[in-house]
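The values are calculated or read from the model by the stated rules, or taken from the named source; none is laboratory data. Model, not experiment: these values are computed from the prediction. Please note: Cβ atoms are built from the backbone with ideal geometry, for glycine as well, and neighbour counts cover all protein chains shown.
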Amino acid sequence: MKLEKITRSVKAVEVEKKWYIVDAKDQVLGRLASKVARILRGKHKPIFTPHVDCGDYIIVINAAEVKVTGKRQDLKTYFHYSGYPGGAKFRTFKEYMQKHPEFVIEHAVKGMLPKGRLGRRIVKKLKVYAGENHPHQAQRPELLTL
């Protein structure tokens, strides 16, 4: 009798989710975001199933100290449209790093996740903080070096 390999789709209740903490200090934004998105999605696990949220929780600290390469610090812009005529807003990377540094990492990771219901559910597992402190000590996050 020949044994066949069966691809198994895991159910959402069977997935065991862990908490990881990532230090963004002196990390390059795009490389950090791609690695974080991979863990949030669950692609690092052997039980990965594309239509199930099988990723882990990620806490990113020191978001204010993330780096970009080349002239991106001056040239990178973020676009937002209010929906009204003349409502286009352009902000630079430097402006966001001064006022709301968490947005930069959240925006980069969100763009690397699937669009739709699954992506909106996955992005809620990303917690980003500008400094060292975070309120998730009770979850006992493991330090993850990328």
Filtering segment 25-44 down to residues that are without any contact (Cβ under 8 Å) to a residue 24 or more places away in the chain, of a type in the set (Lys, Arg) and in a loop (DSSP other than H, G, I, E, B) yields 43
Within segment 51-91, restricting to residues that are in a loop (DSSP other than H, G, I, E, B), within 17 Å of the chain's Cα centre (by Cα) and not hydrophobic (A, V, I, L, M, F, W, C), the one that is nearest to residue 120 (Cα to Cα) is 53
task: Would you mind stating whether residue 146 is at pLDDT below 95 and either among the hydroxyl-bearing types (Ser, Thr, Tyr) or closer than 19 Å to residue 31 by Cα (or both)?
output: yes
For segment 55-79, pairs from a residue that is farther than 30 Å from residue 15 by Cα to a residue that is assigned to a loop (DSSP other than H, G, I, E, B) and of a type outside the set (Asp, Glu), with Cβ under 6 Å and 6 or more apart or across chains, are 64/130; 65/25; 66/24; 66/27
